[in-house]
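For reference, the structure discussed in these notes is given below.
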Amino acid sequence: KVVYPGVEVDEPTAADIKNARQKFGLDGPFILTVGKLEPRKNIRRLIQAFLDLGNSDLELAIVGPSGWDDLKTQAKNVKFLGYVSDRELFSLYKSSLFFIFPSLWEGFGYPLVEAMKLGTPAAVSENSSLKEIGRGAVLFFDPANTDSIKNAIQKMAGSDSLRRGLSRKGKERAKEFSWHKAYDRIISILTAK
């Protein structure tokens, strides 16, 4: 039996969002990704796809602690923010143009659920648990194919209506990931005859 865990977020205030954007120097539209800098998070391929687009109007904000993938770039529109507080993270989700999650493998995918709960449209890898978690509410791409990632970025950046639709669908899908639902499901499993 499958029981999804609950995921909780706090809605950031306008002041929270303003403070986070100022702190990290995010003045214009930006794409957000979240994850420790390690190979399975596939950030290297995401950066390549983003830079291949050559869109100087957009920034790519990368949140997550250092890992063992030594990522560096001279590109001014790619920003490594490192570890951020929960309040800053929720503010970044809320103020990003969209969330992108190119992971090669996830056991669950908390960042995706956090993004959906905050109404942030998402483009994610079509693999592992992400296929199930994002079902019907995200734009999927092939994380092993740089062109597929690039196409997803183009689609998301270029369509307000796509982002609005995914925001709405994501919020609805995210309702499945509450501790109340998890508790009810566990009780029903344990008391089933």
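Only the coordinates and a few stated rules stand behind these numbers; no lab work does. In this text the structure is predicted, and so the values were computed from the model without any measurement. Note that we place each Cβ from the backbone using ideal geometry, even for glycine, and neighbour counts take in every protein chain shown.
Determine if region 169-184 includes at least one residue that is among the aliphatic types (A, V, I, L, M), buried (at least 19 other Cβ atoms within 10 Å of the Cβ) and out of contact with any Ser or Thr (no Cβ under 7 Å at 6 or more places or on another chain). Explain how you work it out, then say what you get.
In the first step, residues of region 169-184 are kept if they are among the aliphatic types (A, V, I, L, M); the result is 174, 182.
Filter once more, so that each one left must be buried (at least 19 other Cβ atoms within 10 Å of the Cβ): 174.
Next, only the ones that are out of contact with any Ser or Thr (no Cβ under 7 Å at 6 or more places or on another chain) stay: 174.
Scanning region 169-184 turns up at least one residue that is among the aliphatic types (A, V, I, L, M), buried (at least 19 other Cβ atoms within 10 Å of the Cβ) and out of contact with any Ser or Thr (no Cβ under 7 Å at 6 or more places or on another chain).
What is the number of the single condition among (1) surrounded by fewer than 21 Cβ atoms within 10 Å (Cβ to Cβ); (2) part of a loop (DSSP other than H, G, I, E, B); (3) within 13 Å of the chain's Cα centre (by Cα) that Thr120 does not meet?
Thr120 satisfies every listed condition except (1).
Name the single residue, out of those in region 69-109 being hydrophobic (A, V, I, L, M, F, W, C) and in a loop (DSSP other than H, G, I, E, B), that is nearest to Gln22 (Cα to Cα). Explain how you work it out, then say what you get.
Taking region 69-109 as the starting set, the residues that turn out to be hydrophobic (A, V, I, L, M, F, W, C) are 71, 75, 78, 80-81, 84, 89-90, 92, 97-101, 104-105, 108.
Narrowing the set further to residues that are in a loop (DSSP other than H, G, I, E, B) leaves 71, 75, 84, 97, 104-105, 108.
On the way: Leu71: 24, Ala75: 20, Val84: 13, Leu97: 16, Leu104: 31, Trp105: 32, Phe108: 31 Å.
Out of the qualifying residues, it is Val84.
Considering region 123-160 alone, what residues qualify as being outside any helix (DSSP H, G or I) and of a type in the set (Ser, Thr, Tyr)?
Applying the first criterion (outside any helix (DSSP H, G or I)) to region 123-160 yields 123-127, 134-145, 159.
Ser125, Ser159, listed by residue number.
For region 27-68, enumerate the residues that are within 17 Å of the chain's Cα centre (by Cα), of a type in the set (A, V, I, L, M, F, W, C) and over 13 Å from Pro102 (Cβ atoms).
Scanning region 27-68 gives Phe30, Leu58, Ala61, Val63.
For Arg163, state whether it is at negative phi, part of a helix (DSSP H, G or I) and out of contact with any Pro (no Cβ under 6 Å at 6 or more places or on another chain). Can you show your working first?
On the way: at negative phi: yes; part of a helix (DSSP H, G or I): yes; out of contact with any Pro (no Cβ under 6 Å at 6 or more places or on another chain): no.
So Arg163 does not fit the description; no.
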